[in-house]
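**Q** So that we are looking at the same thing, I have put the structure below in structure tokens.
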Amino acid sequence: MPITIEAAQPSDLPDLIALLHTCDLPPEGIEAHLETALLARSAEGLAGSAALECYGDTVLLRSVAVDPAFRRRGLARQLVQASLALARTQGARRAVLLTTTAAGFFRRLGFQPVARSDVSAALAGSIQFNSVCPDSADVLARDLLP
Ligand SMILES: CC(C)(COP(=O)(O)OP(=O)(O)OC[C@H]1O[C@@H](n2cnc3c(N)ncnc32)[C@H](O)[C@@H]1OP(=O)(O)O)[C@@H](O)C(=O)NCCC(=O)NCCS
């Protein structure tokens with residue numbers, strides 16, 4: 001069975017949280033953003049994920065995770081590109097993310113480091129910014145062209 005990228009369903013929540021734990025990412029708050037989460041499904045179960053938190057014209061791209069058995073075959077790139085396409089359909093003009101481990105991966109996709117003080121107040125008030133991701137996490141952003 002090929003890997004497909006599809007919108008998450010409420011019933012996917014336990015498997016998604018398990019995937020985030022496997023990938024050492026914080027699951028906090030993900031249940032509130034399932035409607036804008038995309039999943040890569042394989043015959044063996046969830047292979048990857050990416051989700052958006054929407055704050056006005058800015059999205060927080062979060063939970064970009066690929067199960068170790070499926071890495072280095074372009075899956076995360078596909079998930080990010082599909083998420084950014086979804087963000088554009090929702091009218092977003094900018095995407096921001098936090099990462100402690102994968103800044104190099106995101107830079108390849110057009111993200112550039114920014115200061116924490118450069119993000120909008122709404123986004124700076126999110127759970128990810130405030131309590132989940134350490135102060136040492138890199139903040140990266142990119143504009144979303146129409
Ligand atoms: C980061 C992660 C999502 C990458 O998943 P992946 O499916 O292996 O990535 P891809 O295969 O799509 O990689 C695309 C390109 O980025 C490169 N790349 C992958 N991970 C990288 C990393 N951590 N740093 C730099 N480059 C990386 C790949 O080599 C590939 O390059 P290529 O096109 O020249 O071959 C995965 O390693 C992971 O789940 N890590 C733990 C969770 C995490 O840190 N998520 C990000 C924060 S939300």
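Read-outs throughout are calculated quantities, based only on the coordinates presented, and are distinct from any laboratory measurement. This structure is a prediction, so every number in the text was calculated from the model and none was measured. Note that we place each Cβ from the backbone using ideal geometry, even for glycine, and neighbour counts take in every protein chain shown.
**Q** If you check Val119, Val139, Val132, Val96, which single one turns out to be touching an Asp or Glu at 6+ places or on another chain (Cβ under 7 Å) and at negative phi?
**A** It is Val132.
**Q** Could you list all residues from segment 94-146 that are basic (Lys, Arg) and more than 16 Å from the chain's Cα centre (by Cα)?
**A** Listed by number, the list holds a single entry, Arg116.
**Q** Examine segment 63-79 for a residue that is farther than 26 Å from Ala18 by Cβ and either in contact with a strand residue (DSSP E or B) (Cβ under 7 Å, 6 or more places away or on another chain) or among the small types (Gly, Ala, Ser) (or both), and state whether such a residue exists. Steps first, please.
**A** So in segment 63-79, the residues farther than 26 Å from Ala18 by Cβ come out as none.
No, the conditions are met nowhere in segment 63-79.
**Q** Could you tell me which residue of segment 65-95 is surrounded by the most Cβ atoms within 10 Å (Cβ to Cβ), considering only residues that are more than 22 Å from Asp138 (Cβ to Cβ) and more than 8 Å from the ligand (Cβ to nearest atom)?
**A** Leu86
**Q** Would you mention how many residues in segment 18-34 are of a type in the set (A, V, I, L, M, F, W, C) and either assigned to a loop (DSSP other than H, G, I, E, B) or away from the ligand (no atom under 13 Å from the Cβ) (or both)?
**A** Qualifying residue count, segment 18-34: 5.
**Q** Of the conditions (1) over 16 Å from Ala7 (Cα atoms); (2) in contact (Cβ under 8 Å) with a residue 60 or more places away in the chain, Gly91 clears all except one; give me its number.
**A** (2)
**Q** Of everything in segment 1-17 that's within 16 Å of the ligand (Cβ to nearest atom) and outside any helix (DSSP H, G or I), which residue is farthest from Gln78 (Cα to Cα)? Before the answer, list the steps.
**A** Taking segment 1-17 and keeping what is within 16 Å of the ligand (Cβ to nearest atom), we get 2-5, 8, 15-17.
From what is left, the residues that are outside any helix (DSSP H, G or I) are 2-5, 8.
Values: Pro2: 14, Ile3: 11, Thr4: 10, Ile5: 8, Ala8: 15 Å.
Selected residue: Ala8.
**Q** Would you pick out the residues in segment 117-146 that are of a type outside the set (A, V, I, L, M), part of a helix (DSSP H, G or I) and farther than 24 Å from Leu20 by Cα?
**A** Within segment 117-146, Ser117, Asp118 qualify.
**Q** So for segment 34-41 (the condition being surrounded by fewer than 14 Cβ atoms within 10 Å (Cβ to Cβ) and either among the aromatic types (Phe, Trp, Tyr) or closer than 22 Å to Gly125 by Cα (or both)), does at least one residue qualify?
**A** Yes: one or more hits.
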